[in-house]
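The values are calculated or read from the model by the stated rules, or taken from the named source; none is laboratory data. Remember, it's a predicted structure, so these values are computed and weren't measured experimentally. So basically every Cβ, Gly included, is an ideal-geometry build from the backbone, and we count neighbours across all protein chains shown. All accessible areas refer to the heavy atoms of the entire protein, side chains included, with ligands and DNA or RNA removed. Shrake-Rupley method; radii C 1.70, N 1.55, O 1.52, S 1.80 Å.
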Amino acid sequence: MSEQTKSLFQLHFAVLLFGGTALFSHLLPWSSVDITLFRTAIAAISLALMIKWQGDNLSLNSATDYKVAALLGVTVCLHWVTYFYGLQLAGVAIGMLAFFCYPVVTVFLEPLFSGAKPQQRDVICAIVVFVGVYLLVPELTLQNNTTLGVVFGVISGVLFAIRNVLHKRYFSQYKGTQAMFYQTAVTSVLLLPFMDYNPLNMSGLWANGQLGELGLLLILSVIFTAAPHSFLANCLRHLSAKTAGLISCMQPVYGVILAALVLGQWPSTTVYVGGLLIVIAAVLETVLVTRNRHG
C-alpha cells in the first residue's frame, strides 16, 4: 500500500473522529475556553508520552521551526475556541456546517503560497460543497445566538484553513504526533490565564452510573483530539491541504448523525440533501487525486 493510499485511509478515519468532537460542546458544561484548555493540556501530555514511547525526539531542528510551531499553536488555539463557541451558540449541526466554509477557503488560499492556480475540479468540488452546506443550514435571523454561532463558525473555518496551509508548507517535515504536541501545548499555555472553571471541582471518571466529566474529558482529549489531529498532520505530509479540506467535508455528515443519535438532534430533509452533496464532493476529490497520483 502506497503512502498516498495510507494517508487517504488515515484522513477518512480522522474525519470520523472529528465528527464526534462537536458533541462535547453540549456534553461538557463548560465555556469554550475551558473545554479547549483542558482537552489540549491532556492531549499534549498524551502526545509527549507517545513520542517518548516511540523513541522519537521532542526537540525541533531549528529556531525557525520553534517560531513556526508557536504560530501554528496560536492559530489552532483561536480555531478551537471559536469552533466550540459557535457550536454552543448555534447547536451542533449549524455550528459544524458554518465551520465547513474552510475547504472552500483552502482551495483558494493554498495557491497564494504555492503559486499554482486552483484546478477546475477543485473549484467545482468547492462549489458543490458550498451548495451542500447552504442547504444544511436552516433559516437564520439576525438577532439571535444562531447568527453569532454561524459567524464564529466561519471564523473558525478560516483559521483552520490557514493552519492547514501553513503546516503543509512550513512544518510537514515533522511527524503528526510531534506537530500536534507543540500545537496543543502552545494552546494550553495561552489559555491558562483565562481559565474559569476549577478542574478540581469536576466529577470523576464515572459518576451516577455514567461517564463523569473527567471521563468525558479524557475521551475528548485522547481519542477525539490527539489521535485525529495527529492523523491529519501526518496526512498533510503526503496530501495537499485542499485535498484534506475537501475530503474532510464528510465531517458534518458524521457530526449530524452522531448528534441525532446521542443528543436527539434529528436533522430535516434538507440536511440529508446537503449532506449527500458534501459526500459526493469528498468522494470525487478522493478518486481524482488518487487517479492523478498513479496515472
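Say whether the condition of being open to solvent by 10 Å² or more (accessible area, probe 1.4 Å), closer than 16 Å to T225 by Cα and either touching a helix residue (DSSP H, G or I) at 6+ places or on another chain (Cβ under 9 Å) or not aliphatic (A, V, I, L, M) (or both) is met by at least one residue in segment 48-59. Yes; the residues of segment 48-59 include at least one that is open to solvent by 10 Å² or more (accessible area, probe 1.4 Å), closer than 16 Å to T225 by Cα and either touching a helix residue (DSSP H, G or I) at 6+ places or on another chain (Cβ under 9 Å) or not aliphatic (A, V, I, L, M) (or both).
Kindly indicate which of L72, L49, L28, L60 is at pLDDT 90 or above, under 14 Å from the mean Cα position of the chain (by Cα) and not hydroxyl-bearing (S, T, Y).
When all the criteria are applied, what remains is L72.
Only a single criterion out of (1) open to solvent by 10 Å² or more (accessible area, probe 1.4 Å); (2) within 25 Å of T243 (Cβ to Cβ) is not satisfied by A70, namely (2).
Listed residues I219, I223, I247; which is β-branched (V, I, T) and surrounded by fewer than 16 Cβ atoms within 10 Å (Cβ to Cβ)?
On the way: I219 fails: surrounded by fewer than 16 Cβ atoms within 10 Å (Cβ to Cβ); I247 fails: surrounded by fewer than 16 Cβ atoms within 10 Å (Cβ to Cβ).
One residue alone meets the criteria, I223.
Go through the residues of segment 110-126 one by one and say whether even a single one is small (G, A, S), under 30 Å from P29 (Cβ atoms) and in contact (Cβ under 8 Å) with a residue 12 or more places away in the chain. No - not one qualifying residue is present in segment 110-126. Taking G255, is it open to solvent by 40 Å² or more (accessible area, probe 1.4 Å) and closer than 25 Å to H26 by Cα? Criteria not met by G255.
Residues checked against (1) under 26 Å from F181 (Cα atoms); (2) assigned to a helix (DSSP H, G or I); (3) in contact (Cβ under 8 Å) with a residue 40 or more places away in the chain; (4) of a type in the set (K, R):
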{"site": "G215", "(1), (2), (3), (4)": "yes, yes, no, no"}
{"site": "F224", "(1), (2), (3), (4)": "yes, yes, yes, no"}
{"site": "L232", "(1), (2), (3), (4)": "yes, yes, yes, no"}
{"site": "S248", "(1), (2), (3), (4)": "yes, yes, yes, no"}
{"site": "L261", "(1), (2), (3), (4)": "no, yes, no, no"}
{"site": "P267", "(1), (2), (3), (4)": "no, no, yes, no"}
{"site": "V271", "(1), (2), (3), (4)": "no, yes, yes, no"}
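Please go through segment 152-207 and pick out each residue that is assigned to a helix (DSSP H, G or I) and among the small types (G, A, S). Listed by number, the residues that qualify are G153, S156, G157, A161, G176, A179, A185, S188. Summed over segment 81-98, the residues that are closer than 9 Å to S25 by Cβ and either charged (D, E, K, R) or open to solvent by 30 Å² or more (accessible area, probe 1.4 Å) (or both) give a count of 2.
Pairing residues of segment 65-81 that are within 15 Å of V165 (Cα to Cα) and touching a residue at least 24 places away in the same chain (Cβ under 8 Å) with residues that are outside any helix (DSSP H, G or I) and of a type outside the set (D, E, K, R), at Cβ distances under 8 Å and at least 6 apart in sequence or on separate chains, gives V68/F171; A69/L60; A69/F171; L72/F171.
The set of residues in segment 150-204 that are farther than 13 Å from A233 by Cβ, touching a residue at least 60 places away in the same chain (Cβ under 8 Å) and among the polar types (S, T, N, Q) comprises S156, T187, S188.
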